[in-house]
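Working notes, structure below.
Please treat every number below as a calculation from the coordinates, not as lab data. None of the values given here were measured: they were computed from a predicted structure. Cβ atoms come from the backbone with ideal geometry, glycine included; neighbour counts cover every protein chain shown.
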Amino acid sequence: MKVEEVLLLYKDLPEYSGIELDGVKKMSLFGDYPINVAATRGSVREMSALFNAGADLNASGEHGYTPLHNAVEQGNVDAVKWLLENGADKGLRNSSGETPADLAAILCENLIESILNAS
């Protein structure tokens with residue numbers, strides 16, 4: 001998948017309404033970047049295309065969530081693994097002071113919590 005395909009796919013999402021989505025560092029109306037959206041969607045293909053085009057795997061979006069926080073919140077195990085394998089910082093905290101592992105514990109995402117604690 002090419003980055004242009006990802007951006008074209010995202011341009012019609014409500015968070016990009018009225019915004020020209022012309023790059024991986026374009027913030028949405030909600031304060032997220034395309035990489036945060038891809039992590040929320042759990043799409044490793046989309047994350048990979050965005051990352052290869054220069055997206056920051058530690059980009060802080062809405063509520064201070066990094067892509068790793070987004071993937072954890074949605075229970076996207078494959079996305080969590082991919083983010084960790086590609087250098088996402090699991091020690092970053094959101095605006096509530098929670099690390100991705102803290103969030104996994106709160107949401108009872110036991111498998112994800114164990115993956116985060118093991119890496």
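Table for the structure above
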{"read-out": "Cα shape, region 25-119, gyration tensor, a/c 1.5 rule", "value": "oblate"}
{"read-out": "Extension reserve of the Asp78-Asn110 stretch, reckoned as 0.36 nm per residue once the Cα distance is removed", "value": "10.1 nm"}
{"read-out": "Additional length obtainable on full extension of the chain from Asn58 to Lys2, 0.36 nm per residue less Cα span", "value": "18.1 nm"}
{"read-out": "Phi-based couplings in Hz for region 11-17 (Karplus 6.51, -1.76, 1.60; Gly and Pro marked x)", "value": "4, 9, 6, x, 5, 10, 4"}
{"read-out": "Cα-projected label distance for Asp22 with Asp89, points at 7 Å along beta-carbon direction, nm", "value": "3.0 nm"}
{"read-out": "Simple spin-label estimate for Ser96 and Leu29 in nanometres, 7 Å along Cα-Cβ", "value": "2.4 nm"}
